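Since every read-out is calculated from the coordinates, none of them should be taken as a lab result. Quick caveat, the model's predicted, so the values are computed rather than measured. Here the Cβ is made from the backbone with ideal geometry for all residues, glycine too, and neighbour counts use every protein chain on show.
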Amino acid sequence: MPIAEGPAPKVVLSWGLGEDSTAIILRWLEDPTSRDFDLDELVIVVAMTGNEWEASRAVLEQHVLPRIADAQVRLIQVARSQRHTTIAGDGVVILDDSRTPTRLYLEGDYSLWDEMTSAGTIPQSGGARLCSVHSKGDALDPVISRVTRGNPYRHVIGFEAGETARAAKDALHNTSLRIGEYPLIEWGWDRAAAVAYTQSVIGTSPGKSACTFCPYSLQNRVSRAAVLSRYAAEPAVGAHALLMEHLALALNPTQGLVGGRRLIDVVRAHGELDVVLDALDADLDEREHALYEVRRILRPRKTDPTKLGNAARSVRIRCRGSRSAMEGMLRRLADEGVRRGLIEAETGEDGILRIYQYRRGPVFPTVERFFVVAPALAHEKEHERFDQWWADARRGGRRAVAA
């Protein structure tokens with residue numbers, strides 16, 4: 001992770017590419033009285049998740065990057081090159097380090113979408129935003145450490161006036177070297193004020209920054225409508241989100257990008273989004289598929305054995321081939337297994353066919369085992385002790401077995 005030589009900055013701004021942090025940059029560039037430092041003491045850093053909106057790129061490259069370049073402000077664009085990173089910078093790649101930037105490298109390197117599909121899951125909307133921590137924070141921290149070289153710095157983040165709680169939480173990470181600062185809160189600017197200022201300067205706005213499949217953006221009606229509108233404008237992007245959800249659903253029917261509900265159902269309910277569904281079908285037809293064997297162990301909660309405590313999952317790939325070949329194989333296995341009374345075949349509410357050898361029972365511990373076809377994106381994975389756990393769970397708990 002080489003970093004270009006240069007004086008250590010006194011101010012580091014984390015640019016999220018959205019309305020809030022973009023407004024800070026523009027005001028600093030347009031109004032010197034809004035800052036108490038020289039622009040050569042500033043470094044802007046941005047971590048690319050690989051899944052931002054193309055419409056945002058167009059606005060920022062046309063209207064904001066030229067202003068950054070004219071002011072000769074240093075912009076460092078970074079990304080993860082693998083799932084796990086270190087504070088020393090292992091697993092972090094510098095996409096661009098320039099005082100005259102002309103391009104945003106939104107595609108990143110190892111994207112959040114890559115991470116999610118390789119694990120056969122989706123970002124979770126409960127608790128801490130770990131997807132942001134890993135894909136942004138873990139990539140930025142070693143870069144900021146390297147560029148500041150042990151000198152004190154002010155870390156500027158675009159929390160707006162309605163986000164004082166987030167700012168207070170961030171301030172807990174202050175150290176003798178790092179001091180968090182939140183100009184929008186100091187200026188009393190909420191998001192509407194930030195957007196209004198940006199529009200007054202460049203005539204438009206980059207829109208809200210978020211991954212194209214962010215579950216937080218899909219949680220409430222207003223922001224969900226905005227995302228669906230963007231899908232209508234960028235059908236391939238919507239199909240990409242649905243593809244990730246489809247794989248996660250295949251391996252776990254309880255998954256869903258809309259607060260536990262399925263995004264595919266939401267899209268199907270909007271006729272104007274048929275173009276997104278068509279793009280998804282075309283994508284699926286072109287992709288290699290796999291016949292997956294999924295085993296899951298559901299263990300009881302220690303404090304209440306009638307409640308689910310945790311689950312362990314094994315994912316194995318039995319064969320690969322075209323979508324039609326794999327689906328045909330699964331249907332033949334289903335027909336033969338049902339005829340012989342060895343399995344149960346079920347097409348779930350999600351429209352996905354699964355054939356079950358074991359179904360989870362009402363008493364913990366319990367197990368389930370099924371076979372399903374999905375895009376060959378998820379990696380095989382199981383704990384080294386999974387087979388022993390499986391045997392113990394089958395001995396220790398009741399389970400529903402196909403008749």
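Figures for the structure shown
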quantity	calculated
Net charge, residue 290 excluded, C-beta distance under 11 Å - Lys, Arg +1, Asp, Glu -1	+2
Selected from 120, 24, 273, residue furthest toward positive end of dipole (the chain; charges at beta carbon)	120
Under 5 Å, built H, 5+ apart or other chain: amide partners of residue 361	367, 400
Residue (of 356, 9, 87) at the positive-pole extreme of the chain, dipole from beta-carbon charges	356
Residue among 24, 179, 264 with the largest mean-square fluctuation in a Gaussian network model of the chain, springs linking Cα atoms under 10 Å	179
Amide hydrogen neighbours beyond the local backbone of residue 95, cut-off 5 Å, H modeled	77, 78, 79
Lysine pair count for the chain [Cα-Cα under 28 Å; pairs on different chains or 8 or more apart]	9
Projected label distance in nm at residue 8 and residue 322, using a 7 Å step from Cα toward the beta-carbon	6.1 nm
Simple label model, 7 Å out from Cα along Cβ direction - residue 303 to residue 275, nm	5.1 nm
Rounded to whole Hz, the Karplus (6.51, -1.76, 1.60) HN-Hα couplings of region 152-161, x for glycine and proline	x, 8, 9, 9, 9, 10, x, 6, 9, 4
Net lengthening on full extension, residue 287/residue 40 (0.36 nm per residue, minus Cα-Cα)	84.1 nm
GluC sites (Glu not before Pro) within region 303-366: DSSP coil, no more than 10 neighbouring Cβ in 10 Å	349
DSSP-defined beta bridges in the chain - what % are antiparallel, rounded to 5	70 percent
Cβ-derived FRET efficiency at R0 51 Å, residue 342 paired with residue 236, nearest 0.05	0.80
Extension gain (nm, one decimal) between residue 171 and residue 388, 0.36 nm per residue minus Cα-Cα	73.6 nm
15 Å beta-carbon shell around residue 71, net charge (K/R +1, D/E -1)	-1
